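Data first, discussion second: the structure below is written as structure tokens.
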Amino acid sequence: MEKKLLIKQAKKGDKEALLQLVMVEQASYYKLAYVYMKNQEDALDAMQDMIVILYENIDKLKKDDAFYSWSKTILVNACKNILRKKKQIVPLEEISEERIYERESQQEDKMVLEKYISELSENHQEVIRLRYYLDLDYATIGEILNIPLGTVKSRIHAGMKNLKESLGGVYDDDRY
């Protein structure tokens, strides 16, 4: 009940109501942004962009119950905009320094996996990260990315097949 009231107040221009709505799901927003941005500063920048866009466009929200999926879609788009601007250029020195400090084999495995995931198409990377990093279900991924459920499933299937093949394994069609 309180959520609906906060949404109505936010639609009338109440900044505090909007911030309260965002704060309820703050951890979820941060995890989503972090999956895309891979660092705290950029994830927080994307969240800040999302809040500004929400404030400027809250009156366009048609179904109040869809606030959180709508806002997560806006956050994903904010992340993509920041990434487009940066073009994800990572200096070689930064990568080698990170490797020096990462001593655990689990961290190294994550880096190897991330390297192979980053070689997939952007569409495949996106659905795999949302599914396996954030444990989102197919329907939620479809809502966030504004794509049909069948497209989500086929992208995950194709992405996992490509990932497994690039890792040197044989793709077992029955597992996914």
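The values are calculated or read from the model by the stated rules, or taken from the named source; none is laboratory data. Small disclaimer: the values here were computed from a predicted structure and weren't measured. Positions of Cβ are generated from backbone atoms using ideal geometry, with glycine treated the same way; all protein chains shown enter the neighbour counts.
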Does any residue of segment 89-107 turn out to be at pLDDT 85 or above and of a type in the set (Lys, Arg)? no
Restricting segment 123-151 to residues that are free of Cβ contacts under 8 Å to residues at least 24 places away in the same chain, among the aliphatic types (A, V, I, L, M) and in a loop (DSSP other than H, G, I, E, B), the residue that is nearest to Leu113 (Cα to Cα): Leu136
